[in-house]
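**Student:** One structure, as structure tokens, below. Some questions next.
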Amino acid sequence: MIHVTLASTDLRFEESSLHFSIARNGTDWNWEPDYTPVFTTAQEEISFQSASSISHEVKENGLGKGILSRYEGFTVDGKPSAFAFSTWTWIEGATGNIFFEWIPVCEEDISVTSVSWPGCMEFREGKDDWYTLLNQHQGLLIPNTWETALGRLPFDGFLCSAANYMPWFGQVKAGNGYIAICEHPWDSAFYAEHPAGGPYTKAGVRWGASLGKMRYRRVMRYTLLSDCDYNHLCKVYRSYVKEKGLFCSLKEKAAKAPKVEQLIGSLFLHRGIKNHVCEESDMHDPEHPGKFDRVVPFRTRSEEIRALHSQGFEKLFLHLDGWGDPGYDNQHPDYLPPCEEAGGWEGMKELADTMHDCDYLFGIHDQYRDYYFNGKTFDASFGCLQTDGTIPEHAHWAGGRQTYLCATQAPYYVKRNFSQLQEHGIDLDCAYLDVFTCNEPDECANPMHYMTRRDCLEFRGQCFEYLLSQGILPSSEEVSDWSMKNLVFCHYAPYQFMMYKPGTPQKGIPVPLFNLVYHDCVIVPWMMEKMNATTDYMLYALLNGGAPYLIRDGAYPGIDGSFEPEYTFTEQENYERCRVVSKLHQRIAACEMVSHKLLTPDGKKQETVFSDGTRVQIDLDALTYEIGQIS
């Protein structure tokens with residue numbers, strides 16, 4: 001056993017098992033006993049312990065103290081390999097934080113696909129006050145006794161996707177907890193396991209290869225807390241992102257693009273123009289080939305806007321789907337001109353002018369990842385080339401066969417398309433670049449436009465920055481930590497259960513982890529449907545201090561949270577509900593969400609408090625709410 005102590009923090013290492021344990025203020029966190037540190041190749045999984053040469057030494061430097069280990073002398077695919085790596089596990093003297101670093105030393109004759117290290121913490125007590133926090137969508141709290149199994153994470157747990165809005169997880173037991181932050185999220189994934197009824201939950205990290213090699217060191221930072229709950233973990237992370245420069249408030253974004261102030265308090269209207277499903281699409285129904293097809297004239301949408309204005313709607317934002325000639329999710333990025341059947345350039349300009357005559361904000365749906373084979377300028381050599389020499393391909397969406405556009409090209413296409421819109425007098429206030437903040441980053445091995453996943457996020461961010469430079473507010477499908485420097489709003493940032501048909505057993509208690517960190521950085525519109533007699537999404541919109549959807553036409557029924565509610569409202573009732581939410585949003589959009597509380601153990605009563613003193617309480621049984629001020 002090797003034991004290191006610094007800054008009131010203990011680090012212990014068992015050489016026989018290669019297991020660590022950490023402790024602070026009397027609380028121990030030990031690795032799961034059945035965990036084995038491994039790395040994988042395409043052919044096999046290899047234990048760290050199979051190295052013929054393993055060494056460990058205690059080292060101290062000007063920053064802290066820890067244990068440096070080296071592993072070499074592996075046999076891979078039946079042959080000796082030069083593959084070697086080190087681990088450096090150390091305590092930071094200034095903070096007591098513990099860093100787990102995995103460092104490749106030699107990869108000359110091997111292609112490692114993933115590394116599973118450090119280990120997950122032992123978390124095996126059948127108690128309600130032992131819980132795990134996952135950043136799946138808005139946030140999920142899983143008590144160890146939770147009856148529903150977690151199952152597989154979306155996107156296989158990949159970071160920088162909807163599986164993890166923020167690259168951290170945490171666990172709390174009887175008021176003592178830790179937050180584990182992934183400092184290199186681009187090629188990484190989290191895994192989690194919770195069986196039905198518990199009584200345990202596992203959470204850990206899996207480091208992935210970058211273009212066929214591990215290439216660079218990977219770091220997990222653990223912060224131990226006492227007398228804490230999930231609010232404290234979120235505030236630790238909020239401080240972390242401010243230190244790293246990821247945090248950019250709505251007030252700062254408004255200084256770049258003043259229309260942010262107009263979007264705050266607006267009602268969101270989601271409408272479409274043209275839908276068309278190609279024969280080669282998986283959605284195509286040979287027996288009913290045109291059942292998804294429709295065209296709504298731009299003029300019809302203009303008339304709707306004028307009617308809403310005549311009813312006294314003061315602030316409104318229109319998100320327009322399917323405005324391009326090919327139809328929704330077709331032929332991107334070659335989407336122009338606007339739909340000829342719906343009125344073409346003149347019709348779209350009339351709609352944009354109508355929006356501005358009413359002092360409303362106008363924005364469009366667009367796409368620069370899905371790269372359709374039937375696009376006018378499609379060139380397979382600009383698809384994301386995988387290390388095996390292929391490009392990925394599927395036909396899941398309406399446009400049929402597609403691959404993924406290498407993101408090195410995306411900023412050029414954005415500039416090309418938006419310049420043409422501007423040349424035709426179509427002034428945009430907002431633009432939604434689909435999937436950038438929902439889907440995991442891509443990589444590309446083509447030497448003409450070589451791109452790592454970290455590069456990919458940089459190019460996606462450049463697209464957002466270009467829009468901001470033109471005074472256009474950028475949006476995307478969901479929210480993701482990496483985009484907070486330049487994303488102004490999103491399509492939604494829902495709780496995990498909202499993505500499934502109502503009545504589906506929830507996989508934990510929904511908690512607003514993302515908003516506890518970033519509420520004052522991004523505008524999140526919320527679904528407003530009353531799905532049934534026991535579920536009213538308006539309550540979550542209020543609790544989270546978000547913007548309301550006045551109308552939300554999902555392009556694909558039954559997908560991505562687009563389900564038909566059992567309860568419908570009159571136009572006036574719908575407006576009054578939205579007015580309540582938008583009035584609150586106008587007040588607190590730029591405020592920090594200071595705290596969230598589960599007022600009852602089952603989460604049926606909840607409360608949020610914002611930095612201006614606003615308190616929102618909801619009752620999910622009675623379907624009531626109360627908005628007030630803390631004394």
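The values are calculated or read from the model by the stated rules, or taken from the named source; none is laboratory data. Note that the structure is a prediction, hence the values are computed from the model and not measured. Don't worry about glycine lacking a Cβ; one is built from the backbone with ideal geometry, like all the others, and counts go over all protein chains shown. SASA here: full protein model, heavy atoms, side chains in, ligands and nucleic acids out. Shrake-Rupley method; radii C 1.70, N 1.55, O 1.52, S 1.80 Å.
**Student:** Before I look further, what does the chain give for accessible area per residue, probe 1.4 Å, in whole square angstrom?
**Tutor:** Accessible area per residue, the chain: 38 Å².
**Student:** Please give the charge dipole size of the chain, origin at the Cα centre, charges +1 on K and R Cβ atoms and -1 on D and E Cβ atoms. Round to the nearest 20 debye.
**Tutor:** 1520
**Student:** With a 10 Å radius around each residue's Cβ, average the other Cβ atoms per peptide and rank 504-510, 60-66, highest first.
**Tutor:** Those peptides, ordered most packed to least, come out 504-510, 60-66.
**Student:** Here's another thing I want to ask about it. Rank-order 613-621, 10-18 by packing density, defined as the average count of other C-beta atoms within 10 Å over each peptide's residues, highest first.
**Tutor:** 613-621, 10-18
**Student:** I've got another one for you. Which one, Ile426, Leu468, Asn515, projects farthest toward the positive side of the charge dipole computed for the range 390-522 from Cβ point charges (K/R +1, D/E -1)?
**Tutor:** Farthest along the dipole direction, towards plus: Asn515.
**Student:** How much length would be gained if the chain were fully extended between Leu598 and Asp612, taking 0.36 nm per residue of separation minus their Cα-Cα distance, in nm to one decimal?
**Tutor:** 3.0 nm
**Student:** Can you show me the helix-derived [θ] at 222 nm for the chain, built from DSSP H runs with n ≥ 4 at -39,500 (n - 2.57) apiece and divided by the number of residues, rounded to the nearest 500.
**Tutor:** -5500 deg cm²/dmol
**Student:** A 24 angstrom limit on the alpha carbon distance is what I want to check against. Which of Lys251/Lys597; Lys173/Lys202; Lys235/Lys501; Lys59/Lys242; Lys583/Lys605 exceed it?
**Tutor:** Long pairs (Cα-Cα over 24 Å): Lys251/Lys597; Lys235/Lys501; Lys59/Lys242.
**Student:** Could you pull the accessible area for Ser595 with a 1.4 Å probe, rounded to 10 Å²?
**Tutor:** 30
**Student:** On the accessible surface of the range 114-154, probed at 1.4 Å, how many percent belong to carbon and sulfur atoms?
**Tutor:** Carbon and sulfur: 47 percent of the exposed surface of the range 114-154.
**Student:** Across all directions of projection, what mean area in square nanometres is found for the Cα convex hull of the range 193-291?
**Tutor:** 15.5
**Student:** If you don't mind, there's one more thing I want to ask. What nm value, rounded to one decimal, do you get for the distance between Thr300 and Thr27 when each label is placed 7 Å out toward the C-beta?
**Tutor:** A separation of 5.7 nm, rounded to one decimal place.
**Student:** Give me the percent of accessible area attributable to carbon and sulfur for the range 479-534, probe 1.4 angstrom.
**Tutor:** 55
**Student:** Tell me, what ³J(HN,Hα) does each residue in the range 615-623 have, in order and in whole Hz, if you take phi through Karplus 6.51 cos²θ - 1.76 cosθ + 1.60 with θ = phi - 60° and put x for Gly and Pro?
**Tutor:** 10, 10, 10, 10, 10, 7, 7, 7, 6
**Student:** Quick check: net charge around Leu599, other residues with Cβ under 14 Å of its Cβ, Lys/Arg +1 and Asp/Glu -1?
**Tutor:** Net of charged neighbours comes to -2.
**Student:** What FRET efficiency do you get for Glu280 and Asn532 if R0 is 41 Å and r is their Cβ-Cβ distance, rounded to the nearest 0.05?
**Tutor:** 0.65
**Student:** Using the Karplus curve 6.51 cos²θ - 1.76 cosθ + 1.60 with θ = phi - 60°, what ³J(HN,Hα) values do you get for each residue of the range 585-602, in whole Hz, with x for Gly and Pro?
**Tutor:** My calculation for the range 585-602 gives 4, 4, 7, 10, 4, 8, 9, 5, 7, 6, 7, 9, 10, 8, 6, 10, x, 7 Hz in order.
**Student:** First select every other residue whose beta carbon is under 13 angstrom from the beta carbon of Ala7; then total the charges, Lys and Arg +1, Asp and Glu -1.
**Tutor:** -1
**Student:** If you take the square roots of the eigenvalues of the alpha-carbon gyration tensor of the range 577-631 and sort them as a ≥ b ≥ c, do you get rounded (a/c under 1.5), prolate (a/b over b/c) or oblate?
**Tutor:** Taking the square roots of the gyration eigenvalues as a ≥ b ≥ c, the range 577-631 is oblate.
**Student:** When the convex hull of the Cα atoms of the range 1-156 is projected onto a plane and the area is averaged over all directions, what value comes out in nm²?
**Tutor:** Average projection, Cα convex hull of the range 1-156: 11.7 nm².
**Student:** Could you work out what % of the accessible surface of the range 254-312 is carbon and sulfur, using a 1.4 angstrom probe and leaving DNA, RNA and ligands out of the count?
**Tutor:** The C+S portion of the solvent-accessible surface of the range 254-312 is 51 percent.
**Student:** Please state, to two decimals, what the Cα-based radius of gyration of the range 499-631 comes to when divided by 2.2 N^0.38 Å (N = residues).
**Tutor:** Taking N as the residue count of the range 499-631, the ratio is 1.03.
**Student:** While we're here: Treating the angle as unsigned and between 0 and 90°, give the value, to the nearest 10°, between the Cα long axis of helix 410-423 and the longest Cα principal axis of the chain.
**Tutor:** 20
**Student:** With axes computed from alpha carbons, what is the tilt in degrees of helix 453-469 against the longest principal axis of the chain, rounded to the nearest 10 within 0 to 90?
**Tutor:** Here the helix axis deviates by roughly 30 degrees.
**Student:** Continuing with the same structure: So, in Å, what gap is there between the alpha-carbon centers of the range 208-226 and the range 442-505?
**Tutor:** Computed from Cα coordinates, the inter-centre distance equals 21 Å.
**Student:** Further, regarding this structure: P(r) for the range 229-342: what percent of alpha-carbon pairs falls in each 10 Å bin, starting at zero?
**Tutor:** 12, 24, 24, 21, 17, 2
**Student:** Tilt of helix 230-244 relative to the longest C-alpha principal axis of the chain, in degrees (0 to 90, nearest 10)?
**Tutor:** 90
**Student:** Still on this structure, please answer the following. Ratio of the range 427-565's C-alpha Rg to 2.2 N^0.38 Å, to two decimals?
**Tutor:** 1.16
**Student:** Right, next: Rounding to the nearest 20 debye, state how big the charge dipole of the range 189-274 is about its Cα centre with +1 on each Lys and Arg Cβ and -1 on each Asp and Glu Cβ.
**Tutor:** So the dipole magnitude of the range 189-274 works out to roughly 620 debye.
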